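The values are calculated or read from the model by the stated rules, or taken from the named source; none is laboratory data. Computed from a predicted structure; not experimentally measured. Glycine also receives a Cβ, built like all others from the backbone with ideal geometry; neighbour counts cover every protein chain displayed.
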Amino acid sequence: MAGIIPFVDLVAQYKSIAGEVDRAFHEVTASAQYILGARVERFEEEFAAFVGVDHAVGVGSGLDALRLGLLALEVGRGDEVILPANTYIATALAVSEVGADVVLVDCDPETYNIDPAAVASALRSRTRALLPVHFTGQAAEMRPLLELAASNSVEVVEDAAQAHGALYEGRPCGSLGKVACFSFYPGKNLGAYGDGGMVTTSDPVVVERTRRLRNYGERAKYDHVVKGVNSRLDGLQAAFLSVKLPHLASWNEARLRHADMYTVELEGVGDLGLQKRSPSSTHVYHLFVVETAERDALRDSLAERGIQTGIHYPIPIHLQEAYSDLRLGPGAFPHAERLAHETLSLPMYPELTEEQIRRVTDAIREFFASGRPR
Ligand SMILES: *Cc1c(COP(=O)(O)O)cnc(C)c1O
């Protein structure tokens, strides 16, 4: 057997750009601009241009981007925010942390993105914002969501943590809502070498509030106008991200090529299902997801062959112990619950080779051909 195939391989990516990254490290240490500073400002400008918005504000994490973005819109106690039940916990936690109420809805069973019809049914007078997630790297169905938001005077905040570079009807994710939030967690399509996040917006009020909030509510040194937090992008991460951003398009293209190869090789294999591609979005394949009722057995079988996989996510938000206060038991969101039981994320990163992909698809074919354990 030809070694382990990891779920993601951050070392392979570092090696491909090590010279540039190491130079950036030395530049920042020589300048000692560790917190905010010129490299952060430069990356904010680069990222805003990439997303096609007027402003980007670098913060400490994706969770903080969501939290500060919501605070900048003055979402808080007494407000409701609508989000999908099948997302990473951070989407919900950000809403809870600003004091607003989490209102969950189910997803589309084929694209896995938030279901606009379910959002329409969940809208109430207390709804202040919609928080769609561009799940797995494919844009949520934004047109009906933006229409619903406009006709009900609520804000749209995008969780774009999995969708750096994805386009919805030709427009970049991160430029569609009033505010959008990105994560630079190392495993994301654009990842730092530590934590980091970004708020993008073209609204001058939101950008000013977010800039203050991330830095202790400071207007000028030691002059604090609001009770802010400490959540600042640091100079090293910004410099690394500036090095990586020009590579993102080719990395996303590589992910798409790998996804195409997986798709060709896996179509019609056993009872395996594949995530549907939305006609209105490009897909940057943060995750490549397959589904089968025998998910756990398939996962074990791949693990025995040295193939690492992920589950995104095994427990939907409403069944998390942390959200038992929502009092929503099993059955509340059937699609999200089915995905939690049946989906499996295959190895996906730009540096994946055709040989590795073939090993994965051969192993899956053999699993379904071998009489299916259990
Ligand atoms: C990763 C992620 C986040 C949180 O980002 P962090 O940088 O880890 O705080 C939020 N939402 C989604 C959908 C994510 O995938």
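Numbers at a glance
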item	result
Enumerated helices (runs of 4 or more DSSP H) restricted to segment 34-113, each holding at least 3 residues that are under 21 Å from Pro204 (Cβ atoms) and of a type outside the set (D, E, K, R)	38-51, 62-72
Residue in segment 239-259 that is aromatic (Phe, Trp, Tyr), assigned by TED's automatic domain parsing to the domain that holds Glu45, within 24 Å of Thr353 (Cα to Cα) and within 16 Å of the ligand (Cβ to nearest atom) present	no
Meets criteria (modelled with pLDDT of 95 or more, in a helix (DSSP H, G or I), of a type outside the set (Gly, Ala, Ser) and touching a helix residue (DSSP H, G or I) at 6+ places or on another chain (Cβ under 6 Å)) for Val21	yes
Any pair with Cβ under 7 angstrom, 6 or more apart, that starts in segment 193-213 at a residue that is under 18 Å from Asp159 (Cβ atoms) and ends at one that is in a helix (DSSP H, G or I) and among the β-branched types (Val, Ile, Thr)	Val199/Thr210; Thr200/Val51; Thr201/Val207
Unique match (being within 30 Å of His312 (Cα to Cα) and not charged (D, E, K, R)) among Ser16, Ser31	Ser16
Residue check, Leu93 surrounded by fewer than 23 Cβ atoms within 10 Å (Cβ to Cβ), within 16 Å of the chain's Cα centre (by Cα) and within 18 Å of Ser324 (Cβ to Cβ)	yes
For Ser125: the one exception among (1) within 18 Å of the chain's Cα centre (by Cα); (2) surrounded by fewer than 20 Cβ atoms within 10 Å (Cβ to Cβ)	(1)
The lone exception for Val103 - which of (1) touching a residue at least 60 places away in the same chain (Cβ under 8 Å); (2) surrounded by fewer than 24 Cβ atoms within 10 Å (Cβ to Cβ); (3) away from the ligand (no atom under 13 Å from the Cβ) it fails	(1)
Qualifying residues in segment 317-332 (those that are touching a residue at least 60 places away in the same chain (Cβ under 8 Å) and either aliphatic (A, V, I, L, M) or out of contact with any strand residue (DSSP E or B) (no Cβ under 8 Å at 6 or more places or on another chain) (or both)) - the one nearest to Glu253 (Cα to Cα)	Ile317
Qualifying position, being surrounded by fewer than 16 Cβ atoms within 10 Å (Cβ to Cβ), in contact with a helix residue (DSSP H, G or I) (Cβ under 8 Å, 6 or more places away or on another chain), of a type in the set (Asp, Glu) and not assigned by TED's automatic domain parsing to the domain that holds Gly187, among Asp300, Asp325, Asp271, Asp296	Asp271
Segment 112-141: number of residues that are more than 18 Å from Ala65 (Cα to Cα), out of contact with any helix residue (DSSP H, G or I) (no Cβ under 8 Å at 6 or more places or on another chain) and within 16 Å of the ligand (Cβ to nearest atom)	4
Flag if Leu352 is closer than 24 Å to Glu110 by Cβ and either buried (at least 19 other Cβ atoms within 10 Å of the Cβ) or at pLDDT below 95 (or both)	no
Of all residues making up segment 225-260, the number that are touching a residue at least 40 places away in the same chain (Cβ under 8 Å) and farther than 24 Å from Phe43 by Cα	2
Odd one out for Glu267 among (1) at pLDDT below 95; (2) closer than 27 Å to Gly177 by Cβ	(2)
Selection count, segment 303-322, where residues are surrounded by 14 or more Cβ atoms within 10 Å (Cβ to Cβ), in a helix (DSSP H, G or I) and not hydrophobic (A, V, I, L, M, F, W, C)	1
Some residue of segment 164-179 being within 16 Å of the ligand (Cβ to nearest atom), within 26 Å of Phe288 (Cβ to Cβ) and either in contact with a Pro (Cβ under 7 Å, 6 or more places away or on another chain) or in the same structural domain as Leu346 (by TED's automatic domain parsing) (or both)	no
Breaking point among (1) touching a helix residue (DSSP H, G or I) at 6+ places or on another chain (Cβ under 9 Å); (2) within 11 Å of the ligand (Cβ to nearest atom), for Val157	(2)
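Residue-by-condition table, conditions (1) within 17 Å of Ile317 (Cα to Cα); (2) within 16 Å of the ligand (Cβ to nearest atom); (3) in contact with a Phe, Trp or Tyr (Cβ under 7 Å, 6 or more places away or on another chain):
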residue	(1), (2), (3)
Arg23	no, no, no
Gly37	no, no, no
Gly60	no, yes, no
Gly69	no, yes, no
Arg77	no, no, no
Ile82	yes, yes, no
Thr91	yes, yes, no
Val98	no, yes, no
